[in-house]
1. Criterion first (within 8 Å of chain A (Cβ to nearest Cβ) and within 16 Å of ligand 2 (Cβ to nearest atom)) does B:Pro84 satisfy it?
2. Could you tell me how many of the residues in the range A:42-61 are among the small types (Gly, Ala, Ser) and over 12 Å from B:Ala103 (Cβ atoms)?
3. Suppose the filter is without any contact (Cβ under 8 Å) to a residue 60 or more places away in the chain, away from every other protein chain (no Cβ under 14 Å) and either within 16 Å of ligand 2 (Cβ to nearest atom) or in contact with a helix residue (DSSP H, G or I) (Cβ under 6 Å, 6 or more places away or on another chain) (or both); does B:Gln166 pass it?
4. Checking A:Arg127 against (1) touching a strand residue (DSSP E or B) at 6+ places or on another chain (Cβ under 7 Å); (2) crowded, with 23+ Cβ neighbours inside 10 Å: exactly one of these is not met. Which one?
5. Working only within the range A:10-47, note down all residues that are more than 9 Å from chain B (Cβ to nearest Cβ) and in a loop (DSSP other than H, G, I, E, B).
6. Which of the following residues is within 14 Å of chain A (Cβ to nearest Cβ), within 27 Å of B:Ala106 (Cβ to Cβ), more than 11 Å from ligand 1 (Cβ to nearest atom) and in contact (Cβ under 8 Å) with a residue 40 or more places away in the chain: B:His237, B:His231, B:His204?
7. Which condition breaks for B:Gly245 when tested against (1) closer than 26 Å to B:Gln25 by Cα; (2) in contact with a Phe, Trp or Tyr (Cβ under 9 Å, 6 or more places away or on another chain); (3) in a helix (DSSP H, G or I); (4) modelled with pLDDT of 95 or more?
8. Assuming B:Arg119 fulfils every condition listed in (1) in a loop (DSSP other than H, G, I, E, B); (2) at the interface with chain A (Cβ under 8 Å from one of its Cβ atoms); (3) away from ligand 3 (no atom under 16 Å from the Cβ) apart from one, which condition is it?
Amino acid sequence: MLKQCEGSHAVASAVAMCRPEVICAYPISPQTHIVEGLGEMVKSGNLAPCEFINVESEFAAMSVAIGASAAGARSYTATASQGLLFMVEAVYNASGLGLPIVMTVANRAIGAPINIWNDHSDSMSQRDCGWIQLFAENNQEALDLHIQAFRLGEELSLPVMVCMDGFILTHAYERVDIPAQEQVDSYLPAFVPRQILDPAEPVSIGAMVGPEAFTEVRYLAHAKQMQALELIPQHAAEFKQIFGRDSGGLVRPYRCEDAETIVVALGSVLGTLKDTIDEMRDAGHKVGVLGIVSFRPFPLLAVREVLKNARRVVVLEKSLAVGIGGIVATDVRMALSGLHLHGYTVIAGLGGRAITKASLHKMLERAVKDELEHLTFLDLDHNLINRHLEREKQKRRSGPMAENMLRDVGVVAARIA
Amino acid sequence: MPFQPVKFYQTGTFTVGNRLLALEQRSVQANMQRTNSLNSGHRACQGCGEALGARYAIDAAMRASNKQLIAANATGCLEVFSTPYPETSWQIPWIHSLFGNTAAVATGIAAALRVKGRREVRVIAQGGDGGTTDIGFGCLSGMFERNDDVLYICYDNEAYMNTGVQRSSATPPAARTATTMPVGPEPGNVFGQGKNVAQIAMAHNIPYVATATVADLHDLEYKVNRAMGMHGARYIHIFVPCPLGWGAASNDTIRLARLARETGLFAVYEAEHGEVTSVSKIRKRVPVEDYLKLQRRFAHLFGKTPALETIARIQAMADKNIRKFGLLEQGGQ
Ligand SMILES: Cc1ncc(C[n+]2csc(CCOP(=O)(O)OP(=O)(O)O)c2C)c(N)n1
Ligand code: SF4
Ligand SMILES: [Mg+2]
């Protein structure tokens, strides 16, 4: 059924159709509308049987999901930013225990300075936590990925994080095709746990494991993610059969066949990039875009396959590995081992800074001429930084840096170059 | 208390004359059919009060639930000594997730059981004093406030034992721990404000709160049984001496637990919906020295020049408990 609705609403509908049995949540922007929607469905009885638990922290949210999943219930939660960091210990625990919880991360920057707007720092901080991480490009894909996430996670006994850009997707009204319950039911079988807390067959879960087996347990987690590399395309193909559309998969190349320059990115910025690339193609540049849907497991081979004939790759990412540069870029470089390509990292959209076509054009026109710095911060205001560095030179007690820089900027609602 | 006071046999001792009681009044532990939920072969220290408390409590809960029980366990001695890989001493479905999230994990289990309509299966969360009064406190309070159908049991040995005896918020004043050494002008742990989680639990008005010690098996089993007869959030705080952490003889575990109650330092009572419904009375009150002297963690109080002032302050704490909870038996001294 086609419907014009908010991204959060689309996701809530998808999750509800997956028949979750326990939902727990703690509010944080921009995740709130998703769990509010689900809460209402449970309270009204439209989503039943299901328990909706208002917990006292994200740490508790993930912990409730752990308990519920270990007791055999299909479990779901959602968070973002500070909330994801607050639950980190339990995030690792869920994957370590092999519990197929599904969690939406409404991607948002991490403070300090506190910032509610979109970037990928939160999910990226958890890239090694053992969860599968899928990134949605638009609201339709966000909806679809949740259905695939339950299927994938439960098949592998691994938790899955569906990452969608906060506000840009969660709060955007778009037309989405909301599937019929029968379609979801035919795609997603009932949850049959591999391990369950059951008095009829008592097991101990979460025991101490020493050096004699720890490496093997960890290796198994890796091996399962490698299995996911095979399952994700299969699941996407099956999904297409039932739902009639392409969604999910490992990577999504766009106009890459003969491209000399390929931009790699994740999430909603892919839309803007495709528009930009179309215009550059019209102007005669051989450029393409490679969207990565599955960031964990990272599809090294699929990425290599797309990039191997290009001359240069520009990784545009909404995250920053302070002290080195890119996070996605580092993984992409892994995929290119032995190949000779120029590699550029572009850090963009941090803390919600708009990534405009104009800026992308400027950056890419330099890239195609190999004039781009290897690490570029898109639309960086050098003056602002220099002013602050000067202040630090002048005075030992130069004061809080973010506040100083804000004062320098003056009152602006949004910075769109 | 609804069970028969055992006074007529071996008067003056706390040995329970099971053989003189009717079958149904005998302790679960005295029953050959007890589940032994925490089975032998675990690696607790000799005389570990926590191992004893856990077996008493879980066996009683198993009987009360007709063996339909699931437990979530916090990180700590109990978790570590009971499940060294690949053995486990647990005869019940058991999960360890983290140090500070046990109450929430139990909430999740209870939610799953509710959704699945498995009303008969009951959920217990358990942890040490550190996992309860400190790091797990947020999750615990949340579980209380929502009145989730979980019985939480705290095994209080008054410090972080598993990591080598560091101070927790349940560590008593003056006690030596690895992080409150008996040095400087005020040796041992500070005299803080204390953090009485049983009282805090009562402030949540949850259906049932009780304290108990491993010295009184019948009372402990009665309280577990009583708690299991109710639904909603319930809390039992069990005083469990730790020979290793306290520097006490391993054959003094029960004695110390008894003395903690008889000095008034540990008040034993139960409460429903925020109101105390019964207290275990002290027949003959014991001075705190008798309790302190048995433990090397208080040895610095009894050196060449005894720390009389400190001992008096500890005695004052016991006296205050006795007043506050009305612990003295009528005609008791
Ligand atoms: C988040 C976290 N912090 C610290 C620890 C280390 N740690 C493990 S057990 C423990 C002490 C447990 O003390 P308590 O809860 O009182 O139980 P006990 O061992 O005394 O029975 C500590 C500090 C941990 N496992 N996790
Ligand atoms: S250190 Fe204490 S609590 Fe831990 S096993 Fe030994 S006696 Fe028991
Ligand atoms: Mg302890």
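1. yes
2. Looking only at the range A:42-61, we keep the residues that are among the small types (Gly, Ala, Ser), and these are A:44-45, A:48, A:57, A:60-61.
Among the residues that remain, those that are also over 12 Å from B:Ala103 (Cβ atoms) are: A:44-45, A:48, A:61.
The qualifying residues number 4.
3. yes
4. (2)
5. Scanning the range A:10-47 gives A:Cys18, A:Arg19, A:Pro20, A:Tyr26, A:Pro27, A:Ile28, A:Ser29, A:Pro30, A:Gln31, A:Gly45, A:Asn46, A:Leu47.
6. Result: B:His204 is the single residue among B:His237, B:His231, B:His204 that is within 14 Å of chain A (Cβ to nearest Cβ), within 27 Å of B:Ala106 (Cβ to Cβ), more than 11 Å from ligand 1 (Cβ to nearest atom) and in contact (Cβ under 8 Å) with a residue 40 or more places away in the chain.
7. Only one criterion is unmet by B:Gly245, namely (1).
8. (2)
The values are calculated or read from the model by the stated rules, or taken from the named source; none is laboratory data. Small disclaimer: the values here were computed from a predicted structure and weren't measured. Cβ sites come from the backbone with ideal geometry, for glycine too, and all protein chains shown count toward neighbours.
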